[in-house]
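Asks: Structure in structure tokens, see below.
What follows is calculated from the coordinates using simple rules that are stated; it is not laboratory data. Model, not experiment: these values are computed from the prediction. Reconstructed Cβ throughout: ideal geometry from the backbone, glycine too, with neighbour counts over all protein chains shown.
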Amino acid sequence: MLSMMILNKINNHSRYLLLLCAIIIGSLAFGQKKLSKGELPEHIRLEFEKEFFKAAKEKMLGDYPEAIEDFKKAAEIDPNDANTQFQLSQLYLATKKVKEAEDAARKAVELDNKNFWYKTQLAEVYKNQKRFTDAAKLNILIYETGEQNPQNLYDAVLLFTLDKKYSDAIKTLDKIEKESGLNEEIVKQKEQIYLLNNKLKKAIKEVERLVNAYPLEPRYKGMLADLLMANGRTKEALDIYNKILEQDPSNGFALFAMADYFKSKSEYEPYFNYLKRAMASNVDIKSKIQEMADFVTDNKIPDGSKKSFELSDILINSNPSEPIAFMMKGDLFIKEKNYEQARLQFLQATNADPNVYAAWEQIMYCDDELKNNQYMQTDCEKAVEIFPTQPRFFAYLAFASFRLKDYDKAINAARNGSEYAEDEPELLLQLLSQMGDAGYYAKKYKVCDSAYDAALALNNANAYALNNYAYFLSLRKERLDKADSMSLRSIELEPGNPSYQDTYGWILYQKKEYKKAKEYIEKALQMSPNNAEVIEHLGDVKFKLNDKQGAMESWLKSKELGGEGEFLQKKIAEKNLID
């Protein structure tokens, strides 16, 4: 701590900085002992502390080059301070000066060879240099001279293995086992190391030790059988699997192993039979789904589609509370394009767990494929209750409600969704456009205009927004010059879109430019000759151009094609234009 004389001279800001540096130094040293001052005279000790605190501040601020220089100055003042060397080693390593990092870490360890963190830093430097064996040996030393944390020995095993020092890795595992006793984790590690070293017999013996120690544990027998099967000793493996199944006929892992064996032999009937039994077992759902996915995607299996559904039913019966079981069957129905049944399965998944987002997405997909807006509206209303901040479900709800002519609900859904779509500009644009469309048909023109103004403020080159806004203004016979410029811009952006050509023609019609209007509407019909709405527009233009016979022909054709214009029937009945 600084003397009271110096403390009295520093201001409040310096007090705070000093305290912060002290905290940082303490944390960086990981609970190390106090600064080593030896027999330094007071004035030299104060000079050391000044440089050390300054360096710590620079390190905290991320100015590593400056921190290095200041720690070096501190080290020159007190070359026996281990912490200074430790800090330098960390900084050198962070700035990729690995040789300097090693030198500093070595000095720290030499100055204080009992400090756990100094040795750990040196081991980190060794790892960075890919000197894995040196790092491993240091980890063992840390274990033996420190708190005897087994993790240091496990780290050493990994490091020896990386350096292909398999014998040393095994010896280290033997050391762990001697202290902790025989356990599955150690056996598995030894097995893998022996296999890496092409010592299959030793790997087998290692697993056999586990089997012999726990003869009533079928899982360990399964480990041995898996090892034998993977290394071509099929008969021995099959014998073990069969013994496991004699002891436990519903052992799922053994059943899956037998299924995989028959699949490898292309013997599909026994493969399928074992798979059915495995699906009914208490194996974890993740393993079942993986096996099920492999089965479904294998095109060689006779009657694969029918059998997939059979497996799916077994999966659901054995896992009735797992949403993914129902989703798997839903996916099978989608593959068959049976969207009605697929939807029901995904709804079952949401009954099992309503918070599965992917299930709701699949429900929307099915609703869309079914073109059933009532389904979609109902399903989306449930989805937005569960996911009130997910804008995509609001977009689906707005879309379905618009199609159902439930315009107020569409407006509210689009408005709510837009509040959460700021990070998805394309979706936000879609929601604003949906709000604009619904606003027009709900005769809430201020809503319509403000929504489209917001959409175009977001992207003034969005052809859809430009066209629809322009068209709605033309239908209202308002701000036709603005509608004209927006419509022309949409055509520039997408000249091949017949709807946009028709919109511009209709704006010209409202501006009483009938010949030019006819020109654009006919362009639209060249691109889309059976569009009932555009044909009705052509009839209106013809009437204004005194071609009443042509107008009637167009109106009749529009009706024949299913035209739904507000006054179409009346125009035909009265043989007159109704604006």
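Asks: Give the lysines reachable from LYS54 as a straight Cα distance under 21 Å; neighbours fewer than 8 places away on the same chain don't count.
Replies: LYS9, LYS33, LYS34, LYS37, LYS72, LYS73
Asks: Among SER554, SER528, SER499, which comes first, second and so on when ranked by fewest other beta-carbon atoms within 10 Å?
Replies: Listing SER554, SER528, SER499 from fewest to most nearby Cβ atoms yields SER528, SER499, SER554.
Asks: Moving on to the next point. When the dipole is taken about the Cα centre of the chain, and only Lys, Arg (+1) and Asp, Glu (-1) are charged at their Cβ, what size is it in debye, to the nearest 20?
Replies: Around 520 debye, computed over the chain.
Asks: Counting other C-beta atoms within 10 Å, which of MET279, MET223 has the fewest, and how do the rest follow?
Replies: Final ranking by Cβ density, sparse to dense: MET223, MET279.
Asks: A follow-up question, please. What does the charge dipole of segment 431-511 about its Cα centre add up to, to the nearest 20 debye, if the Cβ of each Lys and Arg holds +1 and the Cβ of each Asp and Glu holds -1?
Replies: Dipole about the Cα centre, nearest 20: 340 debye.
Asks: Same structure, new question: Hey, how many Å between the Cα centroid of segment 171-246 and the Cα centroid of segment 141-164?
Replies: 23 Å
Asks: Let me ask something else. Computed FRET efficiency, Cβ-Cβ of MET527 and ARG209, R0 56 Å: what is it to the nearest 0.05?
Replies: Working from the Cβ atoms, E equals 0.10.
Asks: If you stretched the chain out fully between VAL98 and ASP579, how much longer would it get, using 0.36 nm times the residue separation minus the C-alpha to C-alpha distance?
Replies: In short, 164.8 nm is gained.
Asks: By how many nm would the segment from GLU426 to LEU556 grow when fully extended, if each residue of separation counts as 0.36 nm and the alpha-carbon distance is taken off? Kindly include the intermediate steps, with their values, before the conclusion.
Replies: Values: separation 130, 0.36 × 130 = 46.80 nm, distance 3.99 nm.
Going from the current span to full extension adds 42.8 nm.
Asks: Got a sec? Charge dipole of the chain, +1 on Cβ for Lys and Arg, -1 for Asp and Glu; which of PHE48, ALA470, LEU568 is way out at the positive end?
Replies: Of the listed residues, the answer is PHE48.
Asks: Could I ask something else about it? Normalised by the number of residues in segment 182-244, what is the relative contact order in percent for Cα pairs under 8 Å and 6+ residues apart?
Replies: 23 percent
Asks: Say R0 is 56 Å: what FRET efficiency, to the nearest 0.05, do LYS243 and GLU336 get from their beta-carbon distance?
Replies: Result of the calculation: an efficiency of 0.85.
Asks: Based on the alpha-carbon gyration tensor of the chain and its eigenvalue square roots a ≥ b ≥ c, which shape applies: rounded if a/c is under 1.5, prolate if not and a/b is larger than b/c, or oblate?
Replies: Here the chain falls in the oblate category.
Asks: With +1 on each Lys and Arg Cβ and -1 on each Asp and Glu Cβ, how big is the dipole of segment 182-244 about its Cα centre, in debye rounded to the nearest 20?
Replies: Rounded to the nearest 20 debye, it is 220 debye.
Asks: With the dipole of the chain worked out from charges on the C-beta (+1 for Lys and Arg, -1 for Asp and Glu) around the Cα centre, which of ILE204, LEU162, PHE116 lies farthest toward the positive end?
Replies: LEU162
Asks: Which pairs in the list LYS127/LYS221; LYS482/LYS571; LYS523/LYS571 are over 26 Å apart, alpha-carbon to alpha-carbon?
Replies: Pairs exceeding the cut-off: LYS127/LYS221; LYS482/LYS571.
Asks: OK, next. Given the rule -39500 (n - 2.57) for each run of at least 4 DSSP H residues, summed and divided by the residues of the chain, what is its mean residue ellipticity at 222 nm, to the nearest 500 deg cm²/dmol?
Replies: Taken over the chain, the calculation gives -24500 deg cm²/dmol.
Asks: Cut-off is 10 Å between beta-carbons; in what order do HIS537, HIS43 appear when sorted fewest neighbours first?
Replies: Fewest-to-most Cβ neighbours within 10 Å comes out as HIS43, HIS537.
Asks: For segment 53-69, just list the computed ³J(HN,Hα) in residue order, Karplus coefficients 6.51, -1.76 and 1.60, θ = phi - 60°, integers in Hz, with x standing in for Gly and Pro.
Replies: 5, 4, 5, 4, 5, 5, 5, 4, 7, x, 8, 5, x, 5, 4, 4, 4
Asks: Also: How big is segment 297-395 by Rg and Dmax over its Cα atoms, in Å?
Replies: In order Rg, Dmax, the Cα atoms of segment 297-395 give 14.2, 46 Å.
Asks: Which whole-Hz couplings ³J(HN,Hα) result when phi for each residue of segment 123-136 is put into the Karplus expression 6.51 cos²θ - 1.76 cosθ + 1.60, θ = phi - 60°, listed in order with x for Gly and Pro?
Replies: Ordered by residue, 3J(HN,Hα) equals 4, 4, 5, 4, 4, 4, 8, 6, 8, 5, 5, 4, 5, 5 Hz.
Asks: With point charges of +1 on the Cβ of Lys and Arg and -1 on the Cβ of Asp and Glu, referenced to the Cα centre of the chain, which listed residue (TYR261, ILE193, TRP506) lies farthest in the positive direction of the dipole?
Replies: It is ILE193, whose Cα lies furthest towards the positive end.
Asks: Please compare each pair in LYS409/LYS559; LYS130/LYS178; LYS243/LYS286; LYS202/LYS235; LYS307/LYS329 to a cut-off of 21 Å on the Cα-Cα distance and tell me which ones are over it.
Replies: LYS409/LYS559; LYS130/LYS178; LYS243/LYS286
Asks: Okay, next question. Classify segment 182-244 from the C-alpha gyration tensor, please: rounded if a/c falls under 1.5, else prolate or oblate depending on whether a/b exceeds b/c.
Replies: On the way: a/c = 2.38, a/b = 1.13, b/c = 2.11.
The shape class here is oblate.
Asks: If you stretched the chain out fully between GLU217 and ASP408, how much longer would it get, using 0.36 nm times the residue separation minus the C-alpha to C-alpha distance?
Replies: Stretched out fully, the GLU217 to ASP408 stretch lengthens by 62.3 nm.
Asks: Nearest 10 degrees is fine. How inclined is helix 357-370 to the longest principal axis of the chain, computing both from alpha carbons?
Replies: 20 degrees
Asks: Using a ≥ b ≥ c from the Cα gyration tensor of segment 383-453 (square roots of the eigenvalues), is it rounded, prolate or oblate, where a/c under 1.5 gives rounded and otherwise the larger of a/b and b/c decides, a/b for prolate?
Replies: The shape class here is oblate.
Asks: Tell me, what HN-Hα J-couplings in whole Hz come from the Karplus equation 6.51 cos²θ - 1.76 cosθ + 1.60 at θ = phi - 60° for each residue of segment 225-235, using x for Gly and Pro?
Replies: For segment 225-235, the Karplus-derived couplings read 4, 4, 4, 5, 4, 5, 10, x, 9, 5, 4 Hz, x marking Gly and Pro.
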